[in-house]
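Here's the structure, in C-alpha coordinates; my notes come after.
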Amino acid sequence: MLRAATTVARRTALSSRGVAAPRAMAFHASAPRDEEAKETAPAPSKGGLFGTGLSEYFAIPIGMTAAVPLLKLDLYVVNEETQLAAVFVAFCVALWSQGGEAIYNSLDEKAKALLKEHNEAEYKVISALEQKLDFLKANQNMVNDFEAINSIREDSYAKLNAAGVIKPKHDFKVQVERILNMIAQEEANVTEKTKIAIMQEATATVTEAFATDKKLKKAALDAAIAQIKGGAAGTDPVAAEFSRFLKAKAEAASKVDAGAEEAEQRAALLAKMSAVAKSENMMFDIDASGKFIMK
(Lines give C-alpha, C1' and ligand atoms only; values in the text may rest on other atoms or scores of the structure.)
Protein backbone atom coordinates (compact mmCIF):
# COMPACT_ATOMS: atom_id res chain seq x y z
CA MET A 1 0.00 0.00 0.00
CA LEU A 2 2.80 2.37 0.89
CA ARG A 3 4.64 1.65 -2.36
CA ALA A 4 1.53 2.21 -4.42
CA ALA A 5 0.81 5.46 -2.61
CA THR A 6 4.38 6.57 -3.20
CA THR A 7 4.09 5.84 -6.90
CA VAL A 8 0.83 7.71 -7.14
CA ALA A 9 2.25 10.70 -5.26
CA ARG A 10 5.31 10.79 -7.51
CA ARG A 11 3.29 10.70 -10.70
CA THR A 12 0.87 13.28 -9.34
CA ALA A 13 3.75 15.62 -8.45
CA LEU A 14 5.28 15.24 -11.89
CA SER A 15 1.97 15.88 -13.60
CA SER A 16 1.20 18.93 -11.45
CA ARG A 17 4.67 20.49 -11.89
CA GLY A 18 4.93 19.66 -15.57
CA VAL A 19 8.58 18.66 -15.12
CA ALA A 20 9.91 16.13 -17.55
CA ALA A 21 12.12 13.38 -16.27
CA PRO A 22 15.80 14.18 -16.80
CA ARG A 23 17.25 12.49 -19.80
CA ALA A 24 20.81 11.33 -20.20
CA MET A 25 23.16 13.75 -21.99
CA ALA A 26 25.25 12.36 -24.80
CA PHE A 27 28.88 13.46 -24.48
CA HIS A 28 31.24 13.00 -27.41
CA ALA A 29 34.46 14.45 -28.76
CA SER A 30 33.29 15.28 -32.25
CA ALA A 31 31.45 18.17 -33.86
CA PRO A 32 27.71 18.14 -33.08
CA ARG A 33 25.60 16.68 -35.82
CA ASP A 34 22.26 17.91 -36.95
CA GLU A 35 20.58 14.62 -36.22
CA GLU A 36 21.94 14.68 -32.65
CA ALA A 37 20.74 18.24 -32.17
CA LYS A 38 17.18 17.26 -32.89
CA GLU A 39 15.41 15.93 -29.86
CA THR A 40 13.64 12.64 -30.28
CA ALA A 41 9.92 13.09 -29.94
CA PRO A 42 8.60 11.13 -26.92
CA ALA A 43 6.35 8.21 -27.61
CA PRO A 44 2.68 9.05 -27.08
CA SER A 45 1.38 7.87 -23.69
CA LYS A 46 -2.19 7.13 -22.71
CA GLY A 47 -1.53 8.56 -19.25
CA GLY A 48 -3.40 7.56 -16.15
CA LEU A 49 -2.60 4.61 -13.92
CA PHE A 50 0.44 2.72 -15.22
CA GLY A 51 -0.22 4.11 -18.71
CA THR A 52 -3.57 2.31 -18.96
CA GLY A 53 -5.61 5.43 -19.31
CA LEU A 54 -7.43 4.80 -16.01
CA SER A 55 -7.60 7.50 -13.39
CA GLU A 56 -4.68 7.54 -11.01
CA TYR A 57 -7.12 7.56 -8.10
CA PHE A 58 -7.75 3.85 -8.73
CA ALA A 59 -4.38 3.34 -7.11
CA ILE A 60 -5.95 4.02 -3.69
CA PRO A 61 -8.43 1.07 -3.62
CA ILE A 62 -5.90 -1.16 -5.31
CA GLY A 63 -3.34 -0.30 -2.66
CA MET A 64 -5.82 -0.86 0.16
CA THR A 65 -6.90 -4.21 -1.30
CA ALA A 66 -3.29 -5.33 -1.64
CA ALA A 67 -2.39 -4.07 1.84
CA VAL A 68 -5.01 -6.19 3.67
CA PRO A 69 -3.49 -9.63 2.91
CA LEU A 70 0.02 -8.25 3.31
CA LEU A 71 -0.72 -7.02 6.79
CA LYS A 72 -2.99 -9.97 7.72
CA LEU A 73 -0.48 -12.59 6.75
CA ASP A 74 2.38 -10.58 8.30
CA LEU A 75 4.08 -10.39 4.95
CA TYR A 76 4.71 -6.73 5.66
CA VAL A 77 5.16 -5.47 9.20
CA VAL A 78 4.37 -1.81 9.86
CA ASN A 79 6.99 -0.52 12.27
CA GLU A 80 9.56 2.31 12.67
CA GLU A 81 11.21 1.34 9.38
CA THR A 82 7.94 2.01 7.63
CA GLN A 83 7.77 5.44 9.23
CA LEU A 84 11.37 6.14 8.22
CA ALA A 85 10.64 5.00 4.68
CA ALA A 86 7.56 7.23 4.59
CA VAL A 87 9.58 10.23 5.76
CA PHE A 88 12.27 9.49 3.17
CA VAL A 89 9.71 9.15 0.40
CA ALA A 90 8.07 12.38 1.50
CA PHE A 91 11.47 14.08 1.42
CA CYS A 92 12.16 12.72 -2.06
CA VAL A 93 8.74 13.83 -3.31
CA ALA A 94 9.19 17.31 -1.82
CA LEU A 95 12.71 17.63 -3.23
CA TRP A 96 11.61 16.44 -6.66
CA SER A 97 8.53 18.61 -6.79
CA GLN A 98 10.15 21.78 -5.40
CA GLY A 99 13.77 21.61 -6.58
CA GLY A 100 13.82 19.02 -9.33
CA GLU A 101 13.62 21.55 -12.12
CA ALA A 102 16.44 23.66 -10.64
CA ILE A 103 18.66 20.59 -10.22
CA TYR A 104 17.90 19.51 -13.76
CA ASN A 105 18.66 22.95 -15.19
CA SER A 106 21.94 23.15 -13.26
CA LEU A 107 23.12 19.78 -14.50
CA ASP A 108 21.91 20.54 -18.01
CA GLU A 109 23.81 23.86 -18.10
CA LYS A 110 27.00 22.18 -16.93
CA ALA A 111 26.60 19.51 -19.58
CA LYS A 112 26.03 22.10 -22.31
CA ALA A 113 29.02 24.18 -21.14
CA LEU A 114 31.24 21.10 -21.12
CA LEU A 115 30.05 20.10 -24.57
CA LYS A 116 30.66 23.65 -25.84
CA GLU A 117 34.22 23.64 -24.50
CA HIS A 118 34.89 20.30 -26.14
CA ASN A 119 33.53 21.54 -29.46
CA GLU A 120 35.60 24.74 -29.33
CA ALA A 121 38.75 22.76 -28.60
CA GLU A 122 37.98 20.44 -31.49
CA TYR A 123 37.32 23.38 -33.81
CA LYS A 124 40.74 24.82 -32.93
CA VAL A 125 42.42 21.49 -33.57
CA ILE A 126 40.60 21.11 -36.89
CA SER A 127 41.54 24.66 -37.92
CA ALA A 128 45.21 24.02 -37.08
CA LEU A 129 45.16 20.78 -39.06
CA GLU A 130 43.55 22.53 -42.03
CA GLN A 131 46.24 25.22 -41.96
CA LYS A 132 48.93 22.56 -41.82
CA LEU A 133 47.29 20.78 -44.75
CA ASP A 134 47.26 24.01 -46.78
CA PHE A 135 50.92 24.57 -45.92
CA LEU A 136 51.85 21.06 -47.01
CA LYS A 137 49.90 21.48 -50.25
CA ALA A 138 51.68 24.77 -50.91
CA ASN A 139 55.06 23.11 -50.36
CA GLN A 140 54.40 20.45 -52.97
CA ASN A 141 55.87 22.71 -55.67
CA MET A 142 58.92 23.68 -53.61
CA VAL A 143 61.28 21.66 -55.81
CA ASN A 144 59.99 23.34 -58.96
CA ASP A 145 60.29 26.74 -57.32
CA PHE A 146 63.92 26.17 -56.36
CA GLU A 147 64.71 24.88 -59.84
CA ALA A 148 63.21 28.05 -61.32
CA ILE A 149 65.22 30.18 -58.87
CA ASN A 150 68.45 28.39 -59.80
CA SER A 151 67.71 28.86 -63.49
CA ILE A 152 67.13 32.59 -62.99
CA ARG A 153 70.33 32.81 -60.94
CA GLU A 154 72.37 31.15 -63.69
CA ASP A 155 70.94 33.50 -66.31
CA SER A 156 71.69 36.49 -64.10
CA TYR A 157 75.28 35.38 -63.56
CA ALA A 158 75.74 34.89 -67.30
CA LYS A 159 74.44 38.39 -67.98
CA LEU A 160 76.64 39.83 -65.23
CA ASN A 161 79.68 38.11 -66.73
CA ALA A 162 78.85 39.51 -70.15
CA ALA A 163 78.42 42.96 -68.66
CA GLY A 164 81.65 42.56 -66.70
CA VAL A 165 83.60 42.20 -69.93
CA ILE A 166 82.29 45.50 -71.28
CA LYS A 167 82.24 47.50 -68.06
CA PRO A 168 86.04 47.97 -67.71
CA LYS A 169 86.20 49.28 -71.26
CA HIS A 170 83.34 51.63 -70.57
CA ASP A 171 84.97 52.84 -67.35
CA PHE A 172 88.28 53.38 -69.17
CA LYS A 173 86.50 55.40 -71.87
CA VAL A 174 84.78 57.56 -69.27
CA GLN A 175 88.07 58.21 -67.45
CA VAL A 176 89.90 59.14 -70.66
CA GLU A 177 87.08 61.51 -71.58
CA ARG A 178 87.40 63.04 -68.12
CA ILE A 179 91.12 63.71 -68.71
CA LEU A 180 90.53 65.11 -72.21
CA ASN A 181 87.82 67.44 -70.93
CA MET A 182 90.20 68.58 -68.22
CA ILE A 183 92.89 69.35 -70.82
CA ALA A 184 90.42 71.33 -72.95
CA GLN A 185 89.21 73.23 -69.91
CA GLU A 186 92.76 74.06 -68.82
CA GLU A 187 93.66 75.30 -72.31
CA ALA A 188 90.56 77.47 -72.37
CA ASN A 189 91.42 78.84 -68.92
CA VAL A 190 95.02 79.64 -69.96
CA THR A 191 93.83 81.38 -73.13
CA GLU A 192 91.27 83.39 -71.20
CA LYS A 193 93.83 84.35 -68.56
CA THR A 194 96.27 85.45 -71.30
CA LYS A 195 93.60 87.60 -72.95
CA ILE A 196 92.67 89.20 -69.66
CA ALA A 197 96.32 89.87 -68.80
CA ILE A 198 97.02 91.44 -72.22
CA MET A 199 93.90 93.62 -72.03
CA GLN A 200 94.75 94.77 -68.53
CA GLU A 201 98.31 95.57 -69.59
CA ALA A 202 97.10 97.37 -72.74
CA THR A 203 94.57 99.41 -70.75
CA ALA A 204 97.16 100.40 -68.20
CA THR A 205 99.74 101.29 -70.88
CA VAL A 206 97.31 103.34 -73.01
CA THR A 207 95.93 105.12 -69.95
CA GLU A 208 99.43 106.02 -68.82
CA ALA A 209 100.36 107.20 -72.33
CA PHE A 210 97.38 109.53 -72.56
CA ALA A 211 98.04 110.79 -69.05
CA THR A 212 101.67 111.71 -69.77
CA ASP A 213 101.73 112.60 -73.51
CA LYS A 214 100.22 116.03 -74.30
CA LYS A 215 100.03 115.29 -78.03
CA LEU A 216 97.84 112.27 -77.37
CA LYS A 217 95.63 114.31 -75.08
CA LYS A 218 95.25 117.05 -77.74
CA ALA A 219 94.54 114.47 -80.46
CA ALA A 220 91.91 112.74 -78.31
CA LEU A 221 90.29 116.10 -77.49
CA ASP A 222 90.24 117.19 -81.15
CA ALA A 223 88.71 113.86 -82.20
CA ALA A 224 86.01 114.17 -79.56
CA ILE A 225 85.16 117.77 -80.58
CA ALA A 226 85.04 116.83 -84.25
CA GLN A 227 82.71 113.95 -83.50
CA ILE A 228 80.45 116.23 -81.47
CA LYS A 229 80.33 118.83 -84.27
CA GLY A 230 79.57 116.13 -86.78
CA GLY A 231 82.55 116.80 -88.93
CA ALA A 232 84.61 114.30 -90.84
CA ALA A 233 85.67 111.50 -88.51
CA GLY A 234 89.39 111.13 -88.39
CA THR A 235 91.51 108.43 -86.89
CA ASP A 236 90.54 107.52 -83.33
CA PRO A 237 93.68 108.16 -81.27
CA VAL A 238 92.60 105.73 -78.52
CA ALA A 239 92.04 102.86 -80.96
CA ALA A 240 95.25 103.70 -82.74
CA GLU A 241 97.16 103.61 -79.46
CA PHE A 242 95.65 100.21 -78.54
CA SER A 243 96.50 98.88 -81.99
CA ARG A 244 100.05 100.13 -81.73
CA PHE A 245 100.43 98.48 -78.30
CA LEU A 246 99.09 95.14 -79.52
CA LYS A 247 101.39 95.17 -82.55
CA ALA A 248 104.36 95.91 -80.33
CA LYS A 249 103.30 93.14 -77.96
CA ALA A 250 103.01 90.67 -80.83
CA GLU A 251 106.44 91.60 -82.18
CA ALA A 252 107.95 91.22 -78.72
CA ALA A 253 106.27 87.84 -78.21
CA SER A 254 107.57 86.57 -81.55
CA LYS A 255 111.11 87.36 -80.54
CA VAL A 256 110.82 85.68 -77.10
CA ASP A 257 111.23 81.90 -76.82
CA ALA A 258 107.90 80.62 -75.33
CA GLY A 259 109.16 77.07 -74.84
CA ALA A 260 110.00 77.53 -71.18
CA GLU A 261 106.57 78.98 -70.38
CA GLU A 262 104.78 76.23 -72.31
CA ALA A 263 106.86 73.58 -70.57
CA GLU A 264 105.95 75.05 -67.21
CA GLN A 265 102.24 75.09 -68.09
CA ARG A 266 102.45 71.53 -69.44
CA ALA A 267 104.14 70.27 -66.27
CA ALA A 268 101.49 71.92 -64.10
CA LEU A 269 98.73 70.39 -66.24
CA LEU A 270 100.27 66.89 -66.08
CA ALA A 271 100.65 67.14 -62.31
CA LYS A 272 97.02 68.15 -61.97
CA MET A 273 95.84 65.28 -64.20
CA SER A 274 97.93 62.80 -62.22
CA ALA A 275 96.44 64.06 -58.96
CA VAL A 276 92.91 63.72 -60.35
CA ALA A 277 93.62 60.19 -61.61
CA LYS A 278 94.86 59.14 -58.18
CA SER A 279 92.06 60.82 -56.24
CA GLU A 280 89.35 59.29 -58.45
CA ASN A 281 91.06 55.88 -58.45
CA MET A 282 91.31 55.71 -62.22
CA MET A 283 92.66 52.70 -64.09
CA PHE A 284 95.80 54.58 -65.11
CA ASP A 285 98.25 57.22 -63.97
CA ILE A 286 100.09 59.96 -65.85
CA ASP A 287 103.82 60.50 -65.40
CA ALA A 288 105.79 63.71 -65.86
CA SER A 289 106.33 63.02 -69.57
CA GLY A 290 102.57 62.70 -70.21
CA LYS A 291 102.63 58.94 -70.70
CA PHE A 292 99.69 56.86 -69.49
CA ILE A 293 100.70 54.12 -67.05
CA MET A 294 98.09 51.38 -66.58
CA LYS A 295 97.65 50.03 -63.08
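Listed residues Ala162, Ala148; which is outside the structural domain of Leu270 (by TED's automatic domain parsing), surrounded by 11 or more Cβ atoms within 10 Å (Cβ to Cβ), without any contact (Cβ under 8 Å) to a residue 24 or more places away in the chain and part of a helix (DSSP H, G or I)?
Numbers: Ala162 fails: surrounded by 11 or more Cβ atoms within 10 Å (Cβ to Cβ).
So the residue among Ala162, Ala148 that is outside the structural domain of Leu270 (by TED's automatic domain parsing), surrounded by 11 or more Cβ atoms within 10 Å (Cβ to Cβ), without any contact (Cβ under 8 Å) to a residue 24 or more places away in the chain and part of a helix (DSSP H, G or I) is Ala148.
Against the definition (over 30 Å from Glu117 (Cβ atoms), modelled with pLDDT under 75, loosely packed, with under 14 Cβ neighbours inside 10 Å and basic (Lys, Arg)), how does Arg33 come out, yes or no? Walk me through it before giving the result.
Working: over 30 Å from Glu117 (Cβ atoms): no; modelled with pLDDT under 75: yes; loosely packed, with under 14 Cβ neighbours inside 10 Å: yes; basic (Lys, Arg): yes.
Spelling it out, it is not the case that Arg33 is over 30 Å from Glu117 (Cβ atoms), modelled with pLDDT under 75, loosely packed, with under 14 Cβ neighbours inside 10 Å and basic (Lys, Arg).
Criterion first (surrounded by 11 or more Cβ atoms within 10 Å (Cβ to Cβ), without any contact (Cβ under 8 Å) to a residue 40 or more places away in the chain and under 30 Å from Met273 (Cα atoms)) does Val176 satisfy it? Spell out the reasoning first.
On the way: surrounded by 11 or more Cβ atoms within 10 Å (Cβ to Cβ): yes; without any contact (Cβ under 8 Å) to a residue 40 or more places away in the chain: yes; under 30 Å from Met273 (Cα atoms): yes.
Yes; evaluated as a whole, the condition is true for this residue.
Entry remark, segment 118-146: residues being within 27 Å of the chain's Cα centre (by Cα) and among the charged types (D, E, K, R) number 5 in total. Consider segment 262-287 and keep the residues that are in a helix (DSSP H, G or I) and touching a strand residue (DSSP E or B) at 6+ places or on another chain (Cβ under 7 Å). The one that is surrounded by the fewest Cβ atoms within 10 Å (Cβ to Cβ) is Lys278. Residue pairs whose Cβ atoms lie under 6 Å apart, sitting 6 or more positions apart in sequence or on different chains, and linking a residue in segment 270-295 that is closer than 19 Å to Glu186 by Cα and among the aliphatic types (A, V, I, L, M) to a partner that is modelled with pLDDT under 85 and exposed (fewer than 13 other Cβ atoms within 10 Å of the Cβ), are Leu270/Gly290. Checking each residue of segment 190-199 against the condition of being free of Cβ contacts under 8 Å to residues at least 60 places away in the same chain, farther than 30 Å from Met283 by Cβ, in a helix (DSSP H, G or I) and among the acidic types (Asp, Glu) gives at least one match.
Here is a yes/no grid of residues against (1) modelled with pLDDT under 80; (2) among the β-branched types (Val, Ile, Thr); (3) in a helix (DSSP H, G or I):
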{"residue": "Gly53", "(1), (2), (3)": "yes, no, no"}
{"residue": "Tyr57", "(1), (2), (3)": "yes, no, yes"}
{"residue": "Ile62", "(1), (2), (3)": "no, yes, yes"}
{"residue": "Leu70", "(1), (2), (3)": "no, no, yes"}
{"residue": "Asp74", "(1), (2), (3)": "yes, no, no"}
{"residue": "Val78", "(1), (2), (3)": "yes, yes, no"}
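Checked against (1) loosely packed, with under 10 Cβ neighbours inside 10 Å; (2) at pLDDT 80 or above, Gln200 passes all but condition (1).
Somewhere in segment 112-126, is a residue closer than 30 Å to Met282 by Cβ and either surrounded by 10 or more Cβ atoms within 10 Å (Cβ to Cβ) or at pLDDT 90 or above (or both)? Give the steps one after another, and end with the answer.
Keep residues of segment 112-126 that are closer than 30 Å to Met282 by Cβ, which gives none.
No; the residues of segment 112-126 include none that is closer than 30 Å to Met282 by Cβ and either surrounded by 10 or more Cβ atoms within 10 Å (Cβ to Cβ) or at pLDDT 90 or above (or both).
The values are calculated or read from the model by the stated rules, or taken from the named source; none is laboratory data. Quick caveat: nothing in here was measured; it's all calculated off a predicted structure. Heads up, the Cβs are rebuilt from the backbone with ideal geometry, glycines too, and the neighbour counts pull from every protein chain shown.
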